[in-house]
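One structure coming up, written as structure tokens, with questions to follow.
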Amino acid sequence: MHKKIPSYMRTHRRRWGLTQKELAHLLGSKSGTQVSRYERLLRQPKLYVALACQVIFGELPQGMFPKLYSQVEEGVMRRAYQLYQKLERGTTKTTKRKLKLLQDMLRRATIKPNDKDL
């Protein structure tokens, strides 16, 4: 999936011939207007909506909303790097465990799913 497309909700909805109102019903929303806003990422989907899309379409939230996922990932990784810098000289067992988590996060962020198959 392409990261420049903000949401694949419309693509999946149309593939299955659903109207915005029908998808809204499946999501537990009151109107198709909400779906339109999610499709264009004018409104960020709540966790419930992202997980409901996974149930409906079989697509993970990061694949359904790649632009939003990229924004979240970038922010988390920036903060992880800041925390790593703050902790990197620590020698306690707890600090080392935290540093291991931060290193694992960086590894997961740099190795994308298709890279794991290599």
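The values are calculated or read from the model by the stated rules, or taken from the named source; none is laboratory data. Just so it is clear, the model here is predicted, and its values are computed rather than measured. Counting neighbours? That spans all protein chains shown, and the Cβs are built from the backbone with ideal geometry, glycine included. Ligands, DNA and RNA are excluded from the accessible area calculation, which covers all protein heavy atoms including side chains. Shrake-Rupley method; radii C 1.70, N 1.55, O 1.52, S 1.80 Å.
Checking Val72 against (1) out of contact with any helix residue (DSSP H, G or I) (no Cβ under 6 Å at 6 or more places or on another chain); (2) farther than 23 Å from Met9 by Cα; (3) among the β-branched types (Val, Ile, Thr), only one condition comes out false. Which one?
It is condition (2) that Val72 fails.
Please specify each residue of the stretch 8-34 satisfying the condition of being part of a loop (DSSP other than H, G, I, E, B), more than 21 Å from Lys67 (Cα to Cα) and either open to solvent by less than 90 Å² (accessible area, probe 1.4 Å) or at pLDDT below 95 (or both).
Listed by number, the residues that qualify are Gly17, Leu18, Thr19, Gly28, Ser29, Lys30, Ser31.
May I ask you to list pairs of residues, at least six apart or on different chains, whose Cβ atoms are under 6 Å apart, with the first in the stretch 61-85 being touching a residue at least 40 places away in the same chain (Cβ under 8 Å) and the second being open to solvent by less than 30 Å² (accessible area, probe 1.4 Å)?
Met64/Tyr8; Met64/Cys53; Phe65/Ser7
Something else about it: Go through the stretch 35-118 and tell me which helices (runs of 4 or more DSSP H), entirely inside it, have 1 or more residues that are open to solvent by less than 40 Å² (accessible area, probe 1.4 Å).
The helices (runs of 4 or more DSSP H) meeting that bar are 47-57, 61-64, 66-87, 93-110.
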